[in-house]
1. Which one of the conditions (1) farther than 20 Å from V221 by Cα; (2) in contact with a helix residue (DSSP H, G or I) (Cβ under 8 Å, 6 or more places away or on another chain); (3) assigned to a helix (DSSP H, G or I) does Y131 fail to meet, given that it meets all the rest?
2. With the checklist (1) under 18 Å from the mean Cα position of the chain (by Cα); (2) more than 24 Å from P103 (Cα to Cα); (3) surrounded by 24 or more Cβ atoms within 10 Å (Cβ to Cβ) in hand, flag the one item T261 doesn't pass.
3. List the number of the failed condition for S50; all other conditions in (1) within 16 Å of ligand 2 (Cβ to nearest atom); (2) of a type in the set (S, T, Y); (3) open to solvent by 20 Å² or more (accessible area, probe 1.4 Å) hold.
4. With the requirement that a residue be within 31 Å of the chain's Cα centre (by Cα), closer than 25 Å to I95 by Cβ and not hydroxyl-bearing (S, T, Y), what does the range 162-192 give you?
5. Step by step: first the residues of the range 161-181, then only those that are farther than 21 Å from A121 by Cβ and acidic (D, E), then the one that is nearest to ligand 2 (Cβ to nearest atom). Which residue is that?
6. Is there a residue in the range 17-26 that is open to solvent by 40 Å² or more (accessible area, probe 1.4 Å), within 17 Å of the chain's Cα centre (by Cα) and at pLDDT 95 or above?
7. A284 passes all but one of (1) buried (at least 23 other Cβ atoms within 10 Å of the Cβ); (2) small (G, A, S); (3) more than 16 Å from ligand 2 (Cβ to nearest atom); (4) modelled with pLDDT of 95 or more; which number fails?
8. Which one is modelled with the lowest pLDDT among residues in the range 324-343 that are closer than 22 Å to A31 by Cα and in contact with a helix residue (DSSP H, G or I) (Cβ under 8 Å, 6 or more places away or on another chain)?
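The values are calculated or read from the model by the stated rules, or taken from the named source; none is laboratory data. Since the model is a prediction, treat every value here as computed from it, not as a measurement. Positions of Cβ are backbone-derived with ideal geometry, glycine not excepted, and every protein chain shown enters the neighbour counts. Keep in mind that these areas ignore ligands, DNA and RNA; they rest on the heavy atoms of the full protein, side chains included. Shrake-Rupley method; radii C 1.70, N 1.55, O 1.52, S 1.80 Å.
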Amino acid sequence: MDKLFIFDTTLRDGEQVPGCQLNTIEKIQVAQALENLGVDVIEAGFPVSSPGDFNSVVEISKSVTWTVICALARAIEKDIDMAAEALKFAKRKRIHTGMGISPYHIKYKFNSTQDEILKRAVACVKYAKKYVEDVEFYCEDAGRTDNVYLARVAEAVIKAGATVVNIPDTTGYCLPTEYGEKIKFLKENVKGIHNVILSTHCHNDLGLATANTLAGVINGVRQVEATINGIGERAGNTSLEEITMILKSHKELNIDTNINTRNIYPVSRMVSSLMNMPVQPNKAIVGRNAFAHSSGIHQDGVLKNRESYEIIDPNDVGIDENTIALTARSGRAALKHRLTILGIEFSQDKLDKVYEEFLKLADRKKNVTDDDILVLAGKDRADSQRIKLEYLQVTSGVGVRAVASIGLNIAGEKFEAAASGNGPVDAAIKALKQIIRRQMTIQEFLIQAINKGSDDMGKVHMQVEHNGVNYYGFSANTDIIAASVEAYIDAINKFVK
Ligand code: KIV
Ligand code: ZN
């Protein structure tokens with residue numbers, strides 16, 4: 001079987017999504033889970049973009065052993081210097097540099113010419129080669145670039161020393177046939193192409209990211225760039241779980257990856273939980289309904305023989321239907337075991353804290369599921385916040401106006417207020433605004449149940465606008481009014497320092 005390299009960009013392209021930002025500790029947690037998943041390359045960040053990103057690449061480099069760590073850099077010397085510096089502790093390292101090469105980029109972004117861009121492309125590869133052996137060049141917007149010019153760029157950067165040439169469909173515009181032909185054209189017309197690895201990087205603007213990636217693979221690409229749950233700029237990137245399971249299911253393609261597919265589901269849950277980014281229920285492979293047979297005909301068929309309606313065994317992607325839910329009687333060891341399966345290792349201190357929260361939740365809820373545990377595991381982020389909710393009392397009902405009283409702790413000082421409103425959340429937020437007198441408006445307010453049942457936790461995502469900037473807040477609680485107010489406070493904490 002041919003080997004396909006999996007390049008994961010969850011921590012770079014995926015993390016660019018507004019509201020999905022992770023701190024360094026969380027990024028290390030994801031990077032280690034990706035290494036255990038078996039990805040070949042982790043794109044850990046874009047070091048020049050911020051000190052936080054720089055530091056994350058440094059720390060991820062220290063904490064990962066086998067996987068190649070890659071840092072993004074535009075075709076600018078300063079970017080490449082910073083990428084090389086951030087990678088200094090990586091055992092295996094790669095610089096991913098490049099620039100826009102489509103007419104849109106050359107004319108409007110760079111106000112330049114094809115020949116000039118070609119020279120800059122060559123120069124940046126040569127510059128990166130001074131630092132590392134493994135240099136990947138991205139031909140940004142290759143999807144809308146004429147194949148003859150794309151081939152010229154590919155040939156020139158290979159000659160300059162690029163080890164991987166990335167052909168991004170940056171805008172998600174290509175059709176699968178068109179993208180496949182692009183790869184075939186490069187394979188047939190670029191001198192030196194057989195000595196390097198060609199890579200896909202497909203965006204999902206038309207829902208074609210996975211189909212285009214597959215067309216690339218069928219035509220000879222041997223690296224795919226993907227993200228967990230398909231997150232990424234705008235409509236996202238190719239989803240790692242989809243491309244992996246396509247190749248595992250279609251053995252006739254004769255292409256294999258290193259992915260340990262049984263880790264797919266836990267990593268998907270971890271990324272969704274840390275980034276507060278829900279996975280759509282019907283998402284292929286990892287969505288809540290991906291293996292749920294609801295119609296009577298399907299249920300009957302599956303009970304008689306699973307393969308009647310199932311092409312993937314849920315166990316193969318790490319969905320264990322026999323998982324025993326934790327209850328109020330479960331001990332610390334059971335919780336620790338469950339966290340380990342979910343890819344989370346905690347110090348004893350942190351485990352004790354999460355266990356305390358777990359017991360409180362288990363008192364309110366009969367069965368505590370993996371999703372609940374992931375929410376609890378991320379909860380102590382609130383401990384260090386400046387504004388904390390001390391108490392909230394709300395009365396509401398049919399035919400009465402809702403009234404709320406609220407207590408906040410702001411940097412150690414206590415504040416109280418009460419207000420009435422058009423429903424319990426409105427009343428609570430009006431009371432809160434009497435204490436925090438800032439101009440702010442809710443732009444998006446999403447409430448979702450995590451699992452099922454009236455005792456379930458509700459997850460709330462909130463987008464709040466302040467001074468023209470959007471801030472994102474999240475909370476989960478069995479009381480959805482409390483979760484709404486906590487999510488609002490979480491967003492405010494991002495701009496009230
Ligand atoms: O979409 C894109 O073209 C990119 C490049 C930076 C690889 O993300
Ligand atoms: Zn991208």
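1. All conditions pass for Y131, except number (3).
2. Going through the list (1) under 18 Å from the mean Cα position of the chain (by Cα); (2) more than 24 Å from P103 (Cα to Cα); (3) surrounded by 24 or more Cβ atoms within 10 Å (Cβ to Cβ), T261 breaks only (3).
3. (1)
4. Restricting attention to the range 162-192, the residues satisfying the condition of being within 31 Å of the chain's Cα centre (by Cα) are 162-184, 186.
Keeping just the survivors that are closer than 25 Å to I95 by Cβ gives 162-171, 182-183, 186.
Scanning the range 162-192 gives A162, V164, V165, N166, I167, P168, D169, K182, I183, L186.
5. Once the filter is applied, the top-ranked residue is E178.
6. Residues of the range 17-26 open to solvent by 40 Å² or more (accessible area, probe 1.4 Å): 18, 21, 23, 25.
With within 17 Å of the chain's Cα centre (by Cα) added as a condition, the list becomes 18, 21, 23, 25.
Narrowing further to those that are at pLDDT 95 or above: none.
No, the range 17-26 contains no residue that is open to solvent by 40 Å² or more (accessible area, probe 1.4 Å), within 17 Å of the chain's Cα centre (by Cα) and at pLDDT 95 or above.
7. All conditions are met except number (1).
8. So in the range 324-343, the residues closer than 22 Å to A31 by Cα come out as 336-343.
Adding the requirement that they be in contact with a helix residue (DSSP H, G or I) (Cβ under 8 Å, 6 or more places away or on another chain) leaves 336, 338-339, 341-343.
Details: K336: 88, R338: 83, L339: 84, I341: 76, L342: 75, G343: 71.
My answer is G343.
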